[in-house]
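Below: the structure, in structure tokens.
The values are calculated or read from the model by the stated rules, or taken from the named source; none is laboratory data. Note that the structure is predicted; figures quoted are calculated from it, not measured. All Cβ positions, glycine included, derive from the backbone under ideal geometry; neighbour counts span all protein chains shown.
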2 protein chains.
Amino acid sequence: MASGDYFHIEAGNIIDMLKNECDTIGVYMDIGNTGEVYISENQNTNSKIANLRPLLCSEENTLRKIETERKLGHRRVHTDGGVTFKNINTTVIMNSIQLGIQRSVEGSNVPDRDVLMDDFMTVETAVIHANDSTQNTAHKVMLKTYAPIAFQHFRDLFGIRSEHFVKSFCEVSLIELPNPGASGSVFYVTQNDEFITKTIRHKEAEFLQKLLPGYYLNLNQNPQTLLPKFFGLYCYKCVSKNVRTVVMNNVLPSLIKVHQKYDLKGSTCNRKASKTESEKISPTFKDLDYMNHHPEGIFLEEDVHRDLLNAIQRDCRVLESFQIIDYSLLLGIHNVDQAKREEICTEHEGFNPKKEPPSASGDGYLDNVEEIISQDPDNQRKDENVSSLTSHRENLELAKGYIFPGIPARQANGENILLFIGIIDILQSYKLKKKLEHVWKSIVYDSDSVSVHNPRFYSQRFQDFITKTVFKTTPLPPKATKRKALFRLKP
Amino acid sequence: MASGDYFHIEAGNIIDMLKNECDTIGVYMDIGNTGEVYISENQNTNSKIANLRPLLCSEENTLRKIETERKLGHRRVHTDGGVTFKNINTTVIMNSIQLGIQRSVEGSNVPDRDVLMDDFMTVETAVIHANDSTQNTAHKVMLKTYAPIAFQHFRDLFGIRSEHFVKSFCEVSLIELPNPGASGSVFYVTQNDEFITKTIRHKEAEFLQKLLPGYYLNLNQNPQTLLPKFFGLYCYKCVSKNVRTVVMNNVLPSLIKVHQKYDLKGSTCNRKASKTESEKISPTFKDLDYMNHHPEGIFLEEDVHRDLLNAIQRDCRVLESFQIIDYSLLLGIHNVDQAKREEICTEHEGFNPKKEPPSASGDGYLDNVEEIISQDPDNQRKDENVSSLTSHRENLELAKGYIFPGIPARQANGENILLFIGIIDILQSYKLKKKLEHVWKSIVYDSDSVSVHNPRFYSQRFQDFITKTVFKTTPLPPKATKRKALFRLKP
């Protein structure tokens, strides 16, 4: 579902939206022949059925489909191909992001001292002068930097030097993601592949601020966390519009080709990529697609599997405690064997990929990797962060022996793959979602009987799916299996 | 000033109390010939003087001095020598503390998982059956354990195993401090010298709970912190009275003789031990006494001095951010050379100190130390915590070469000493103090012009006193001094 402030939806889309909502918060929905909607707390048909009202499909809801495709949330693709966000040209936004990061990291004097609880709630304001290259005009941008000392501390924890951070954003232009998903946000990736910025809503920024102390707590106890690594939160008041952006680690590399990309929630309701999505160059597949492509799951070595699921379990407990729902496991798969075959193929065609700039669509080439990584000392750190999850990497046959923080795994067909994993979209709190829920509840449903234990429901289903369907352990050799079976026998 | 819930004070004591209050929050007070009180924000006599009213010494305030001495806060010493707290015999309280800690650490199943923000606010309730040995009766005690998972985590951080914690409290009886200071609290020390429990007020317990996330933040960033190490917070509902206790690290050893003990706040107003206090076996001296006993200060090696002041500065910033005032530096001095002389003296008299049990009054003997420390593996950890602050210990001539976490220093007369240091009484927030302030404001003063920047004022004065008056660096050898002097000359 689009998470923009306005929804332009068709009558049929309302039903899809309701289905998704029901699925997310763990209630069941049935639609009667005459359009009435039944909602119940469990699948047993004898359970309490909610009051029902006919679903009214008013003309206001029926908008032209073409508009839905062109505008998503605040992001609009114009007929001339230009992209705007809140009617601001995204190049202006990119320019503001670059100036803002330079200003807030380099310009202000962030004192080198311990983080205090107060620091999580601090907001620093400054005025920067930005240029609109498309219109050759200069204008003022009001910049708010949230929790500057806390984020500086987080960057320090991840070994990111301020100069490297500013350099990554400001020395070369950023790459706008052409396929930004269903949120209507604008995404920019730095050319060195390390950082990603995303526009977020007012409520999400507020929520992230509230989250920061608990986030710090988790970082300290669970350094292998798969939750987003937040590096900065900014608000630009630009042409009288507020644009809020968060800087995070980039989960999917563009320097290494990502052959498959999944957004997994642990649900099967409507969780299939649309036809339009599937036809894209780098589509984002969903749960049902995964089950179709990898019916036997993906295989990890036993200790890697254990560490990964352990990290996910710890992350999910944090998310649950903050009443967060609707997050996804972002899974990128680089097929090492396929990449080799493609490379041989490309060489035969006489094409030299080294001359191509890296792109954010996942079309980078292995040849670039070694060169780029060796130039940047911070990539060494990147590798240290993943520690034991990649400790068995050297045992697997990897192309060119490069170092990159992917998790080694195998497909059911025996092909070597590298996994890139992160838990994303964590800024949706149950309270926030609750409000949305009330929007449709007021149409279809006036009882208050829906379970309030939904973050737990969501977390459990998410973990169950990952444990039972997504990742498996490499089958043990026959001897070991036999020994294990013996232990199960009673004396 | 007594921090009990009721104040039994004489007319003259009211003036002392006001002086102390003014001093703590950083305003100046003058008393006119006819008893009127002037309060101003700075010492400049031309500054704004508050409205004044005569200080009324009503008969209600004039109570017999003998009662003041016998009852302090909720602690009362009866004519038969028995001590009660809220009219409960303190042996019953000790018994409850022991049962409570056993029950809450061993009895409940604290899950081995990460700490979440919620955990800081959790309260676990249980019923325990306690015996009153003085009356041979059994009664029920309602036990509340605050933030059990968070405190378990803190104990883990300090390397304190649950079995060791319970054993320290429950295997042998606790030692009640005979000289508990001015707070009217009851203090118990464990016989292994490691832990101390203190009864605290409702507001203080509430404040400690609020403090926990920031406390955790500080622990992670400043492991050399001198703030109290909190290991547990409990509330016992005992004979319909609530008794709240906090468990902390014990700053002053009883196994090593503490020759001098100071409670330093950085103030000179009324900061002198009373005649009664000075005549005690182990008196607690104050700021003016320190300046009298050590007019040149105490000397530390340069790096120890730097690390210590750095730790104090970081701690003060935390206290300031939580609007905490009125804390003290507790300083215990063990004079190594004096201890040697005393030992020789004792040996000549044919007295063997090994046969005496360790006491909490600071009368332990060096001979015990080696033996007791070698029995307990946790003392190794204790030593690791103080790291570089004691790294120069081995360079100093210490009696018997034992390992104990004292900070090596020298007195102006060249004698080797060991310092035991902690920042104590941190549960007084400015808001809490503000309320007390209003009590006397309503008598003498109705303006609202008193500065609100008082936690900063308090912190700065505290640090200034420690830096300029309490600790000095060992004077540099003449050559180095000369070189330093040269740098000051302009080229």
Among (1) closer than 24 Å to A:E342 by Cα; (2) surrounded by fewer than 19 Cβ atoms within 10 Å (Cβ to Cβ); (3) in contact with a Leu (Cβ under 7 Å, 6 or more places away or on another chain), where does A:Y290 come up short?
(2)
Test each condition in (1) within 14 Å of chain B (Cβ to nearest Cβ); (2) surrounded by fewer than 22 Cβ atoms within 10 Å (Cβ to Cβ) for A:Y215 and report the one that comes out false.
(2)
If a residue must be hydrophobic (A, V, I, L, M, F, W, C) and within 14 Å of another protein chain (Cβ to nearest Cβ), how many such residues does the range A:308-331 contain?
7
If a residue has to be of a type in the set (A, V, I, L, M) and assigned to a loop (DSSP other than H, G, I, E, B) to count, how many in the range B:246-280 make the cut?
6
Would you pick out the residues in the range B:253-270 that are under 16 Å from the mean Cα position of the chain (by Cα) and either at positive phi or at pLDDT below 90 (or both)?
B:P253, B:S254, B:G266
Residue pairs, Cβ under 9 Å, 6 or more apart or interchain, first in the range B:314-342 and under 21 Å from B:P283 (Cα atoms) and assigned by TED's automatic domain parsing to the domain that holds B:I407, second assigned to a strand (DSSP E or B) and acidic (D, E). List them.
B:S328/B:D263; B:L329/B:D263; B:L330/B:D263; B:L331/B:D263
In the list A:S240, A:S254, A:S173, which residue meets the criterion of being crowded, with 20+ Cβ neighbours inside 10 Å and outside the structural domain of A:I417 (by TED's automatic domain parsing)?
A:S254
If we scan the range B:156-178, do we find a residue that is of a type outside the set (G, A, S) and within 14 Å of another protein chain (Cβ to nearest Cβ)?
yes
Report yes if some residue within the range B:126-137 is assigned by TED's automatic domain parsing to the domain that holds B:E194, modelled with pLDDT of 80 or more, hydrophobic (A, V, I, L, M, F, W, C) and loosely packed, with under 14 Cβ neighbours inside 10 Å; otherwise report no.
yes
Just one of (1) without any contact (Cβ under 8 Å) to a residue 40 or more places away in the chain; (2) away from chain B (no Cβ under 14 Å) trips up A:K210, so point out which.
(2)
Quick one: which residue in B:P228, B:P283 is outside any strand (DSSP E or B) and within 19 Å of B:T197 (Cβ to Cβ)?
B:P228
Only listed residue being of a type in the set (A, V, I, L, M), more than 30 Å from A:R314 (Cα to Cα) and not assigned by TED's automatic domain parsing to the domain that holds B:L227, chosen from B:V92, B:V77
B:V77
Picking from B:S104, B:S96, the residue that is more than 19 Å from B:Q191 (Cα to Cα), at pLDDT 80 or above, away from chain A (no Cβ under 14 Å) and part of a helix (DSSP H, G or I) would be B:S104
Can you pull out every residue in the range A:302-315 that is surrounded by fewer than 21 Cβ atoms within 10 Å (Cβ to Cβ) and within 15 Å of A:P408 (Cα to Cα)?
A:E302, A:D303, A:H305, A:R306, A:D307, A:L309
Please verify whether the range A:176-183 includes one or more residues that are of a type in the set (D, E) and in contact with a helix residue (DSSP H, G or I) (Cβ under 8 Å, 6 or more places away or on another chain).
yes
With respect to the numbered conditions (1) at pLDDT 90 or above; (2) away from every other protein chain (no Cβ under 14 Å), which one is the sole condition not fulfilled by B:N192?
(1)
